[in-house]
Amino acid sequence: MRILFYNIRYGTGCGWTYHLPLPFTGFFRSSRATTERIGEYLDALDVDVACLCEVDGGSYRNGRKSQARNLASKRGWKDVFAPKYGATSPLRRVPLLSSQGNAVLSRLPIIDSRENLFSRGVKRSLLEVEFPDFVVLLAHLSLGYGARQTQLREIAERCRNLDKPILLGGDFNLLSGDGELHPLLEATGLRDADGRGRPTFPSRLPSLRLDCLLTSPAIRVHRFDVPRVILSDHLPLVCDVEIAPSEGRGGPR
């Protein structure tokens with residue numbers, strides 16, 4: 001199985017033109033052309049599951065249509081979308097921001113999904129998608145160190161309550177380095193899929209490792225790559241995995 005984790009920046013692109021004529025002008029432009037290119041990239045990769053951070057759920061940038069639904073429906077896939085702000089956040093009432101979130105797209109059958117909400121941080125969503133043999137957890141963690149540490153502890157707690165092997169990934173914003181992951185790894189038994197700890201941001205000259213994928217011991221990683229693809233300000237994570245047979249298997253405890 002091939003799985004992708006990618007912060008797509010709402011399909012608004014990147015590069016120096018993103019900041020013309022004013023800084024961050026690109027954030028407000030149409031995302032439809034770049035969204036099409038992202039779809040073409042998914043086809044070229046032949047992925048089975050695509051986990052996307054910073055997805056536009058239906059603002060004017062994408063013609064009032066969900067990026068996740070567009071990408072999935074054109075391929076005959078299923079999609080699950082969750083707003084990244086908490087239900088009581090005032091940002092859920094701001095027209096452009098209210099449509100922003102994270103999504104999982106899959107050609108594999110999805111059994112169930114749920115949105116877990118962190119207790120701290122501006123970005124609150126921990127999207128959980130259950131498949132027949134594994135569970136995907138997708139997160140976009142806080143920029144603030146204190147809130148991020150709380151979120152990591154709450155992720156560990158959720159992982160301990162899951163019975164299936166886990167693929168946990170997303171934009172973790174590890175601004176203080178990989179050491180932030182150690183308590184989570186120790187508490188859950190999850191493993192870092194990228195032993196080399198390659199940087200993922202910014203995409204044109206990566207120097208920070210903000211995006212990560214962690215896996216249960218029952219998941220064998222055959223190949224992990226961080227392709228130099230310039231469709232966003234982040235680089236994608238692409239991983240080929242094999243799930244161990246289900247007999248006698250449990251999740252991390």
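We did not get these values from a lab; they are worked out from the coordinates using the rules stated. Predicted, not measured: the structure shown is a model, and the values here were computed from it. Counting neighbours? That spans all protein chains shown, and the Cβs are built from the backbone with ideal geometry, glycine included.
Miscellaneous remarks
- Angle between the chain longest axis and helix 32-45 axis [Cα atoms, degrees, rounded to 10]: 30
- Ordering of 130-140, 56-66 by packing [mean C-beta count within 10 Å, highest first]: 130-140, 56-66
- 222 nm mean residue ellipticity, helices alone, for the chain (DSSP H n ≥ 4; -39,500 (n - 2.57); rounded to 500): -5500 deg cm²/dmol
- Each peptide in 92-103, 211-222 was scored by the mean count of other Cβ atoms within 10 Å over its residues; highest first, the order is 211-222, 92-103.
- Folded to 0 to 90 degrees: helix 145-160 orientation relative to the chain principal axis, Cα: 50
- Dipole magnitude of segment 2-243, debye to nearest 20 (Cβ charges: Lys/Arg +1, Asp/Glu -1, about Cα centre): 820
- Positive dipole terminus of segment 1-53, leading residue within V47, I8, Y18 (C-beta point charges): Y18
- Point-charge dipole on Cβ atoms (K/R +1, D/E -1) for segment 161-253, about Cα centre, debye to 20: 180
- Full-extension gain in nm, I111 to D43, via 0.36 nm per residue minus C-alpha separation: 22.1 nm
- Residue among T188, T200, I111 farthest towards the positive dipole end of segment 106-209, charges placed on Cβ: T200
- Cα centroid separation, segment 115-134 to segment 19-52 (Å): 23
- Residue (of S31, L162, F81) at the positive-pole extreme of segment 2-243, dipole from beta-carbon charges: S31
- Measuring r between the beta carbons of V221 and H182 and using R0 = 30 Å, the FRET efficiency lands at 0.95.
- From the coordinates shown, Kirkwood radius over Cα pairs in Å corresponds to which of [x] 19.1; [y] 20.1; [z] 18.2: [z]
- Computed from backbone phi with θ = phi - 60° and the Karplus coefficients 6.51, -1.76 and 1.60, the 3J(HN,Hα) list for segment 129-142 is 10, 9, 10, x, 10, 7, 10, 9, 10, 10, 9, 10, 7, 5 Hz; x is used for glycine and proline.
- Mean Cβ count within 10 Å, highest first, over the residues of peptides 189-199, 231-241, 107-117, 43-53: 231-241, 43-53, 189-199, 107-117
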